[in-house]
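Have a look at the structure below before the remarks.
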Amino acid sequence: MPEYTDPSPSTPGDPLPVSRIGRRRLLRAGLATGGALAAVRLLPATAAGAAPTIAVRPPAGGYAPAPAAVPAAWPDWARFARLADGTFDEVADMQGTIDTLKAQNVSVIELDTVLSDWHTDAEFTAHAALVKTFAGKAHAAGLKVVMYYPSLEVISPGGEKGRSFYKNDQGRNWVQRSLDGKPNVFYGSVVVWVDPGDESCWVSPNSPWRDYYLKRIKQLAGTGVDGIWPDVPIYFDGVLTWCDASTWGAAAFTADTGLPALPKAANYNDPVFRRYVEWRHRNLLQFQLDIAAAGRSVNPDLVTFVETVSMDYRYATSIGLDGAYLRQAAGNVSQVWEVDILANEDGMRHATATDWTCLISMYKYARAASGSKPAWAFSYGWKADDASLVMAELIAAGCNPYEVKTPYKNDTTDAAMRTRMFGFVKANERRLYDAAPAAEVGVYHSSASRDYVGPGEGNGMYANATAPAGILDWWGGDDAAMSCTTMPWLGDFRGTVKALVYAHIPFDTVTSPGLAAEDLARFKVVLLPNLQAVSDAEAAVLRGYVAGGGTIVLTGPAPTGLDEYGTARAEYALADVLGLRRADPLPASRRTAFGAGVCWYLGGELPGLAYLRTADQAAGDRLLAPVREAAPPSLGLAGDRRIHLEARRLGAETVVHLVNFSNFGDTPTAFRTTPASCTLTYAVPAGRTVTAVTVATPDGTDPAPRPVPFTVTGAVLSVPLTVAQYSVVGITVS
């Protein structure tokens, strides 16, 4: 970048003492919202002057909604990817790094070098030449390379006391700003990836940074890499909240919404603020689309995988990045989902069973929000055994594993474990990633309800927010308000997931942005936990689904009572389907026929939230009775309810995933793996014969499917099994 001299540079004072916390905890803990980052060296709004008076413009092309889905021919290497970090320090290290990863059954290298740092154009060009050399060596070894490049953060090594992007380049002009005008810049060791004395400057995608970044994306696309990995395009809230109120952001907000000004403060009673919450999702969506388009303009075969840190819980609200908005985007652009674990230095070793269902929920959300595209996802671990169980849940959900030891991303948890698990994926890739979903039950994830129903502190990533004795750097920071069990929308959603997992009922998540009739067509029943905020278009799709013969199950105190911006409706959007009006008293339960379908409304206590908190059998039965009526499952499992069952179909084969987390209970205990016995049953379709049953597992030395005994009594197949951590059962009929 060209040098820029600040006419009135600031000289920050010494930083206050801060604790060094891991990025994975910071990025999801919402610490700034809860006020836990008090000891941070920040620039006040006037430290380098108020926001400069500059010409403003919205980004080129404005803010288009996500385009309609266009089928893209995703290359097999991306669909079957097995990923790991391939950072090198010197040119001499390149070949050794590549050879090591290939021996571990890695197929795609995420190359993360020095691009987080502030570089001049000449420095960037010189480094791009090294990237080209690495890509050539990797390709010669039969591996693919995806280049990591932070999208909105610029780190200046030594920048607190010395020269920096904010003080001496365009950072001061291009920085994100909070609603009260403060620049999103900090110094010191606040986060694990910013060393003491360094500067972290978060820039606005609405500023000319966009053009600089896209120019450099094009430069990287010309190096021969196979893909671009833009890191977390977010309005970072680790030290400030509700950015981007920069002059650039204000102009873009007005251009997109027609509203004359940004909100003055975070206030959910203010319709302008609620509109700002939604606008930031689409604002960051457009930036992602522009990144992908820039890369493809140089190399049409280039793929883009955006590292996305926000999952199904409330963090997307505060940072603006809602991954589901990208689902229908045309072209080869998808996500690397940064799915977090409970503790940076303990992984999932002290999880509760409910925490495991939260992890399942996150991975299934990731798979759904990526649509028909590959869904790459982080597979964190602390030791080999917890790492392999986490990866089992990831694979069972249909995601591609990026294996890494928490909290960093440049090392494996265990080389032998990675080699074994990736070998299993390689041996079974067609069954894992070509099989079509078989679930007839959908669970609806409403982005608008997440944003506007019961807003408050905390993000709800997991259930247990209290660290077990002796465990440091716990995700929830011992703040009970962080738990999803305290949140009316998320708790009902997560409890619905838990009830289905415990009942061994296969289901898939359905995300709301861009909802279309075809998204619901394969389901017999769709659960709509605490669905309050919906658009007219969304309501029309749901109405059409029921009229055409589907079943929906709604819960909550104001079913479809808000619009997509959280504004109260005069009448429920689905009043006709519900058979209820706002003026009517809410019944404890109501079953209404509508067209050829059925709408269930479950009033009173939220059954999903109740089940999340206590696994109350009555709450579970109340929630799942309509499911069992509308979609009696063809698969069953006699065994511990903490065996997670997933089902897909590949030709004549039904592929059943079984993941055993039965050693986890209601309170955290030490990690262990104990094989669980169970019996899988399958209702054989009329006129069909079972010709083979096989089991494949990564838990042993041979990942290939092997035949196992089975019996057929009448029209019911029974397969006795013992599952250590993970088994994939194939049932073939003719």
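The values are calculated or read from the model by the stated rules, or taken from the named source; none is laboratory data. Quick caveat, the model's predicted, so the values are computed rather than measured. Cβ: placed from backbone, ideal geometry, glycine included. Neighbour counts: every protein chain shown. Please note that ligands, DNA and RNA were not included when accessible areas were found on the heavy atoms of the full protein model with its side chains. Shrake-Rupley method; radii C 1.70, N 1.55, O 1.52, S 1.80 Å.
Computed values, structure above
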read-out	value
All positions within segment 178-208 that are under 26 Å from Tyr276 (Cα atoms), in contact with a strand residue (DSSP E or B) (Cβ under 8 Å, 6 or more places away or on another chain), open to solvent by less than 10 Å² (accessible area, probe 1.4 Å) and not polar (S, T, N, Q)	Pro183, Val185, Phe186, Cys201, Trp202, Val203
Residue within segment 413-425 that is of a type in the set (Phe, Trp, Tyr), surrounded by 21 or more Cβ atoms within 10 Å (Cβ to Cβ), under 20 Å from the mean Cα position of the chain (by Cα) and not in a strand (DSSP E or B) present	no
Qualifying residues in segment 288-310 (those that are of a type in the set (A, V, I, L, M, F, W, C) and part of a loop (DSSP other than H, G, I, E, B)) - the one nearest to Leu152 (Cα to Cα)	Val309
Wholly within segment 683-734, strands (runs of 3 or more DSSP E) carrying at least 3 residues that are within 20 Å of Ile505 (Cα to Cα) and open to solvent by 30 Å² or more (accessible area, probe 1.4 Å)	716-723
Residue identified as in contact with a helix residue (DSSP H, G or I) (Cβ under 8 Å, 6 or more places away or on another chain), on the phi > 0 side of the Ramachandran plot, surrounded by fewer than 18 Cβ atoms within 10 Å (Cβ to Cβ) and among the small types (Gly, Ala, Ser) among Gly470, Gly477, Gly458, Gly454	Gly454
Qualifying residue in segment 465-472 (condition: within 20 Å of the chain's Cα centre (by Cα) and over 26 Å from Thr551 (Cβ atoms))	yes
Extreme residue, most open to solvent (accessible area, probe 1.4 Å), among residues of segment 663-676 that are in contact (Cβ under 8 Å) with a residue 60 or more places away in the chain and among the hydroxyl-bearing types (Ser, Thr, Tyr)	Thr667
Condition check for Leu527: touching a residue at least 60 places away in the same chain (Cβ under 8 Å) and buried (at least 23 other Cβ atoms within 10 Å of the Cβ)	yes
Answer from Val114, Val91 - the residue that is touching a His at 6+ places or on another chain (Cβ under 7 Å) and at pLDDT below 95	Val114
Qualifying residue in segment 635-654 (condition: in contact with a Cys (Cβ under 9 Å, 6 or more places away or on another chain), hydrophobic (A, V, I, L, M, F, W, C) and surrounded by fewer than 18 Cβ atoms within 10 Å (Cβ to Cβ))	yes
Qualifying residue in segment 260-274 (condition: assigned to a helix (DSSP H, G or I), under 28 Å from Val510 (Cβ atoms) and touching a residue at least 24 places away in the same chain (Cβ under 8 Å))	yes
Residue list for segment 80-114, restricted to those being surrounded by 15 or more Cβ atoms within 10 Å (Cβ to Cβ), in a helix (DSSP H, G or I) and of a type in the set (D, E, K, R)	Lys102
Output for segment 557-573, where each listed residue is small (Gly, Ala, Ser) and open to solvent by less than 50 Å² (accessible area, probe 1.4 Å)	Ala558, Gly561, Gly566, Ala573
Odd one out for Leu554 among (1) over 16 Å from Phe594 (Cα atoms); (2) surrounded by 24 or more Cβ atoms within 10 Å (Cβ to Cβ)	(1)
Conditions (1) open to solvent by 60 Å² or more (accessible area, probe 1.4 Å); (2) over 24 Å from Arg543 (Cβ atoms); (3) in contact (Cβ under 8 Å) with a residue 40 or more places away in the chain; number of the one not met by Thr614	(3)
When residues of segment 146-163 are limited to those that are surrounded by 23 or more Cβ atoms within 10 Å (Cβ to Cβ) and small (Gly, Ala, Ser), the one nearest to Ile228 (Cα to Cα)	Ser151
Test: residue in segment 221-234 that is touching a residue at least 24 places away in the same chain (Cβ under 8 Å) and more than 28 Å from Val333 (Cβ to Cβ)	no
Pairs where the first residue, in segment 154-176, is over 20 Å from Val232 (Cα atoms) and at pLDDT 95 or above and the second is of a type in the set (A, V, I, L, M) and open to solvent by 10 Å² or more (accessible area, probe 1.4 Å), C-beta under 7 Å, 6+ apart	Asp169/Met1; Gln170/Met1; Asn173/Ile54
Pairs where the first residue, in segment 631-652, is more than 18 Å from Ala397 (Cα to Cα) and among the acidic types (Asp, Glu) and the second is open to solvent by less than 50 Å² (accessible area, probe 1.4 Å) and in a strand (DSSP E or B), C-beta under 8 Å, 6+ apart	Asp640/Asn660; Asp640/Ala676; Asp640/Cys678
